[in-house]
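Worksheet for the structure shown next.
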Amino acid sequence: MIYDTAIIGGGVSGAATAWWLSRYETNTVLLEKNADVGFGVSKANSGIVHGGFHHPVSSLKAQLELRGNLMFEQLRHELGFPFERNGILVAAFSEEEMTTVRKLYEQGIANGVHDLEMCGRERMLELEPKLNPDVVGGFFVPGGGTVEPYCYVFSLMESAIGNGVELRCGFEVVSGSYQDGLWTLQSADGREIQARYVVNAAGLYADQVSARCGAEKFTIIPRKGEEYLLDRTCAGRPSRVIFPVPSKHSKGVLVIPTAGGTTMIGPTAEIVEEKDDNATTAGNQKRILSLVRNMINGISERDCITAFAGLRPVLAESEDFYIAPSEKVPCFIQVAGIQSPGLTASPAIGEYVKDLLKKSGLSLAEKAQIKYFLPARHTAREATLEQLDKLHAENPAWAHIVCRCEKISEAEVIAAVRRGHTTVDGVKFYTRAGMGRCQGGFCSTGILQIISRESGIPMTELTKRGPGSTLLAGKLGDLEVKA
């Protein structure tokens, strides 16, 4: 098949672009080098839907952030991913910080953000009683919120696939050439596809993909952010996202009541050399805990259940997004430098890229029929006893709780595998199995057995996140598995 459009990269930008194109009579394929979508930059996202006040509206990132923010209610209604518009509080702890707060507030007003509220100490504590009583003031952004980033990406792609988009995972683009009106893209494993248009949404590796296709030369610099996840029972969990006063290169260390019910603190903002540097340090954990405790009460290191790091793809040449047709090669759209607030902006990024493709000559006729809504997803954790009784009557697997910490049933794990998520991380991100206090210590074996049974993949070949992450190794009786 010759595709109309090939999207390189299955993060929030690529998935949102695929979702938009799925509404039109056009053949689209999304190419993801990992074993599943959302396994790159997007999986370690803070999950914040930003409020549109950090960046001037003259920047492309601010324009797309503002539009993207407004799209999440409709997307949640159609696709069913976890999303809460619980608001953002920017907290100041000195009069000097209040000067910066006023500038951010004024910038938000200039950007057209609605319902911003400057707050004194009493109002801040009313909005969030867990704030440190030393808070001087701040401002409230009701339009901010939180989303589960991996579920969001999965939902976008599930909808896109249901409306005709093809997904190819394990497809790492190593070369691209344009001839006679067609792009030929080759994967590291020798596979090839042809397409009339290419969208480069390769995240941290967008600079490499651009070079391999003979397009612009630019540099993506990884900016690492360490995050620490706290248990559901954390006494310091706020009701709103708590921001400090930002610095030049970072929005600061935040306290985030995640859409999944846990609390996240972080991130750091550190330039690193390697694009796979996901290490976390005890020193940064200590520093983050100290900063967070200055903002909010009830945070304890005993509540920390895991640590991880995400890498933001920052353009060396600019802090803004780079979304534009290539000026060096035809029919090639660059979507690079999508750092914060890329998640918030992503629905608008997808729409923007769709419009760029149309302006570049791609024919886009709206489909007569579209599957707007994904089937409703049930969860054992949120179901009432009456609902569980009904679900169990239809399928006994609902009565078998595989992950006790997050209350995830066997039926939910089976559903994830049948939707194509055949790695442990894929199931984890789809269902939350393994995300709780024990971090998979009790449920991993059961999850592996279900994945193997439902997918037909032998236990010895199952992986955490794809090639190079085999989970079982060693010798047991006559069975030997080499790492």
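Residues that are within 20 Å of GLY145 (Cα to Cα) and of a type in the set (S, T, N, Q) were ranked within segment 86-123; the one that is most open to solvent (accessible area, probe 1.4 Å) is GLN107.
Taking segment 269-282 as the range and being modelled with pLDDT of 95 or more and open to solvent by less than 50 Å² (accessible area, probe 1.4 Å) as the test, the residues that pass are VAL272, LYS275, ASP277. For segment 86-101, the condition holds for at least one residue, the condition being that it is in contact (Cβ under 8 Å) with a residue 12 or more places away in the chain, within 20 Å of the chain's Cα centre (by Cα) and in a loop (DSSP other than H, G, I, E, B).
Number of residues in segment 266-318 that are in contact with a Phe, Trp or Tyr (Cβ under 8 Å, 6 or more places away or on another chain) and closer than 22 Å to SER239 by Cβ equals 6.
Among the residues of segment 206-229, are any among the acidic types (Asp, Glu), open to solvent by 10 Å² or more (accessible area, probe 1.4 Å) and outside any strand (DSSP E or B)? Show your work before the answer.
Of the residues in segment 206-229, the ones among the acidic types (Asp, Glu) are 207, 216, 226-227.
So of that shortlist, the ones also open to solvent by 10 Å² or more (accessible area, probe 1.4 Å) come out as 207, 216.
Keeping just the survivors that are outside any strand (DSSP E or B) gives 207, 216.
Within segment 206-229, one or more residues are among the acidic types (Asp, Glu), open to solvent by 10 Å² or more (accessible area, probe 1.4 Å) and outside any strand (DSSP E or B).
Assessment of segment 35-46 against the conditions (more than 23 Å from ASP320 (Cα to Cα), open to solvent by less than 20 Å² (accessible area, probe 1.4 Å) and part of a helix (DSSP H, G or I)) yields no matching residue. In the set (1) in contact (Cβ under 8 Å) with a residue 40 or more places away in the chain; (2) closer than 23 Å to GLY466 by Cα; (3) surrounded by fewer than 23 Cβ atoms within 10 Å (Cβ to Cβ), the condition left unmet by ASP189 is number (1). LEU30 passes every criterion in (1) at pLDDT below 95; (2) buried (at least 24 other Cβ atoms within 10 Å of the Cβ) apart from (1).
Only one of the numbered conditions (1) assigned to a strand (DSSP E or B); (2) closer than 30 Å to ASP425 by Cα is violated by GLN194, and that is (2). Among the residues of segment 350-372, at least one is open to solvent by 40 Å² or more (accessible area, probe 1.4 Å), of a type in the set (A, V, I, L, M) and without any contact (Cβ under 8 Å) to a residue 60 or more places away in the chain.
Looking at segment 233-253, can you tell me whether even one residue there is under 16 Å from the mean Cα position of the chain (by Cα), in a strand (DSSP E or B) and not basic (Lys, Arg)? No: segment 233-253 contains no residue that is under 16 Å from the mean Cα position of the chain (by Cα), in a strand (DSSP E or B) and not basic (Lys, Arg). Checked against the criterion of being touching a Ser or Thr at 6+ places or on another chain (Cβ under 6 Å), of a type in the set (S, T, N, Q) and more than 21 Å from LYS43 (Cα to Cα), the candidates SER455, SER469 yield just one match: SER455.
The values are calculated or read from the model by the stated rules, or taken from the named source; none is laboratory data. Just so it is clear, the structure is predicted and the values come from calculations on it, not from any experiment. Methodologically, a virtual Cβ is constructed for each residue, glycine included, from the backbone with ideal geometry; neighbour enumeration extends over all protein chains shown. Ligands, DNA and RNA are excluded from the accessible area calculation, which covers all protein heavy atoms including side chains. Shrake-Rupley method; radii C 1.70, N 1.55, O 1.52, S 1.80 Å.
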